[in-house]
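Written below as structure tokens is the structure these notes are about.
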Amino acid sequence: MPNALSTFLTLTIDGVSYGMMLFLISVGLTITLGVMRVVNLTHSAFAMIGGFITLWLMKSAGMHFFVALPVGVLATMALSLVLERTLYQWVYKCDPLGQLLMTIGMTFVVTAVVKNLAGPQIQSIVLPEVLLGQWSVIGLNVSVYRVFVLGLSVAVAGALWLCLEYTTFGARLRAAVDNPRMARCVGINVPLVFSVTFAIGCGLAALGGAVGTQMLPLEPYYGLKYLVLVLIVVAVGGLGSLKGSLYSALLLGFIDTMGRYYIPALGGFIIYLAVLAILLVRPRGLVGRIG
């Protein structure tokens with residue numbers, strides 16, 4: 001296989017896996033912002049929390065990566081439930097500007113807490129041996145870790161889509177969003193549905209934050225540093241559209257990976273040029289708003 005083609009295919013796989021990791025982190029914000037109509041700028045901080053909890057479980061408790069990962073996600077979901085039942089009850093009552101100010105303020109608080117507990121240095125989760133190295137497939141050298149991230153993300157995206165489209169919980173969520181008063185009349189516990197949905201979104205962010213540390217390393221300013229990336233994915237995809245977020249994450253991951261390799265002079269700036277071009281052509285995003 002020609003070297004140019006081999007390089008392009010390898011970069012494509014890297015770009016797709018990076019895009020799917022972005023989808024994992026951002027899909028929860030798609031749900032809370034686009035479906036639940038809540039401006040939650042603390043969302044990327046939950047990805048950081050999930051990553052640091054997983055890292056702590058591996059270092060201090062001696063857990064294996066594949067054990068610490070689900071435990072870290074569940075711990076993040078539990079924390080998000082507590083916050084949703086307490087602090088976020090005030091956020092729900094605010095107008096969009098109030099929600100923005102309160103949640104960005106919470107992000108600064110989380111950043112300060114993590115900095116004091118974990119230190120200011122950049123950290124990364126040490127992967128198990130099974131995820132290290134490369135596979136050679138038809139002349140391509142494919143990172144095992146990238147394939148793992150890709151496979152996990154596809155499985156989660158499929159499960160999420162099936163849950164929201166074909167389960168009773170998904171129907172209850174849509175009913176609770178479209179007409180909360182009528183949903184209560186037919187026996188749907190709207191606060192419980194919102195709490196569970198919020199926790200699932202934060203858990204997905206935690207999963208992305210933990211498995212993606214090789215691409216987006218952990219640091220106290222993670223919640224602020226990568227918030228723009230998350231917002232870009234949601235905006236380009238279209239508010240409230242899971243399909244749009246998937247398309248957006250894949251497209252932006254591919255563009256960013258290719259741009260950094262083929263146009264290194266622009267570096268990470270090329271993704272912002274791509275976002276500008278996409279939103280000029282489609283102001284409501286690739287798919288547009290649902291509901």
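The values are calculated or read from the model by the stated rules, or taken from the named source; none is laboratory data. Nothing here was measured: the structure is a model prediction, and the numbers come from that model. All Cβ positions, glycine included, derive from the backbone under ideal geometry; neighbour counts span all protein chains shown. Surface accessibility is based on the protein's heavy atoms, side chains included, excluding ligands, DNA and RNA. Shrake-Rupley method; radii C 1.70, N 1.55, O 1.52, S 1.80 Å.
What's the FRET efficiency of N3 with V67 using the Cβ-Cβ distance as r and R₀ = 51 Å, to the nearest 0.05?
Efficiency, rounded to the nearest 0.05: 0.80.
If I fit a long axis through the Cα atoms of helix 96-118 and take the longest principal axis of the Cα atoms of the chain, what angle between them do I get, 0 to 90°, rounded to 10?
So the helix axis and the longest Cα principal axis differ by about 60 degrees.
Label-point separation (nm) for C185 and T168, each offset 7 Å from Cα along Cα-to-Cβ?
It works out to 2.2 nm between the two label points.
Convert 20 °C to kelvin, take the viscosity as 1.002 mPa s, use the Kirkwood radius over C-alpha pairs of the chain as Rh, and evaluate the Stokes-Einstein diffusion coefficient in µm²/s, rounded to a whole number.
Roughly 109 µm²/s, to the nearest whole number.
What accessible area per residue comes out for region 134-281, rounded to a whole number of Å², with a 1.4 Å probe? Could the numbers behind the result be given before it?
Values: 6870 Å² over 148 residues.
Averaged over the residues of region 134-281, the accessible area is 46 Å².
Gain in length, D178 to D95, computed as 0.36 nm per residue apart minus the alpha-carbon separation, to one decimal in nm?
Extra length from D178 to D95 when fully extended: 28.1 nm.
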